[in-house]
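One structure is given here, and the rest of the page talks about it.
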Amino acid sequence: GVMSVMYKSKPDILQQTTTRPGWNAIHWAATNGHVAAVNKLLEWDPKLLDAPNDDGWTPFMVAAQEGDVDVMEALYAKGGKKLLTETFNFGRTPLHCAVFNDQPAAVSQLLEWGGGALLDIVKRGGWCEPYISATPWELAHKYGKQEIIDIMKPYKRINIARNCYLFMRALGEAA
């Protein structure tokens, strides 16, 4: 179709960005749930799998935020487990994105692939208060996302070091 003609005439078109900072064709395909387009773009240029936008968001993170499990599966088939722990400029992982944006199907799929260890990844830094030093588990609790919490419960492990840190921080704030 049209994509094929465009690619054949100008292969670097895949890297061109739009007015949304740094988004190229695969970001748009991922955010809109176009699995066939994602697969075709990766066939033409496998490096697009890890293509970050200006804030460091990869296509997998975009798909997790949108809750598009079909796109996530297509990308995961090409990139595997490394996609589960990638972070963008503000330190969020795909699971942080899915939790914050209330995407239960994406949360469930991410945990199925990566297990409970994903719940312990701490997002550090960034400009947005809700994300400062928070795990996906803590985000779900902070915002009362009960459906997400229920999905996470079977995967939750006791993280003694994190619990001690939070306790000591609470003591410092109370003093």
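General remarks:
- Selection over segment 45-65 of residues that are part of a helix (DSSP H, G or I) and either of a type in the set (S, T, N, Q) or modelled with pLDDT under 90 (or both) gives a count of 1.
- The residues in segment 81-107 that are in contact (Cβ under 8 Å) with a residue 12 or more places away in the chain and assigned to a helix (DSSP H, G or I) can be counted, and the count is 15.
Each row is one residue, and each column tells you yes or no for (1) under 21 Å from Ala37 (Cα atoms); (2) out of contact with any Gly (no Cβ under 9 Å at 6 or more places or on another chain); (3) crowded, with 20+ Cβ neighbours inside 10 Å; (4) of a type in the set (Ser, Thr, Tyr).
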{"position": "Gln65", "(1), (2), (3), (4)": "yes, yes, yes, no"}
{"position": "Met72", "(1), (2), (3), (4)": "yes, yes, yes, no"}
{"position": "Lys78", "(1), (2), (3), (4)": "yes, yes, no, no"}
{"position": "Thr87", "(1), (2), (3), (4)": "no, no, no, yes"}
{"position": "Leu95", "(1), (2), (3), (4)": "no, no, yes, no"}
{"position": "Ala98", "(1), (2), (3), (4)": "no, no, yes, no"}
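- Within segment 52-76, residues that are within 17 Å of His96 (Cβ to Cβ) sit with their Cβ atoms under 7 Å from residues that are in a helix (DSSP H, G or I) and of a type in the set (Ser, Thr, Tyr), at 6+ positions apart or across chains, in these pairs: Val62/Thr31; Glu66/Thr31.
- Only one of the numbered conditions (1) at pLDDT 70 or above; (2) loosely packed, with under 13 Cβ neighbours inside 10 Å is not met by Thr135, and that is (2).
- Selection within segment 143-154 - within 19 Å of the chain's Cα centre (by Cα) and in a helix (DSSP H, G or I): Glu147, Ile148, Ile149, Ile151, Met152
- For segment 35-63, the set of residues classified as buried (at least 17 other Cβ atoms within 10 Å of the Cβ) and among the polar types (S, T, N, Q) consists of Asn53, Thr58, listed by residue number.
- Residue within segment 1-11 that is at pLDDT 75 or above, surrounded by 11 or more Cβ atoms within 10 Å (Cβ to Cβ) and part of a helix (DSSP H, G or I) present: no
The values are calculated or read from the model by the stated rules, or taken from the named source; none is laboratory data. The model shown is predicted, which means the values in this text are computed figures rather than measured ones. Every residue, glycine among them, receives a Cβ derived from its backbone with ideal geometry; neighbour counts consider all protein chains shown.
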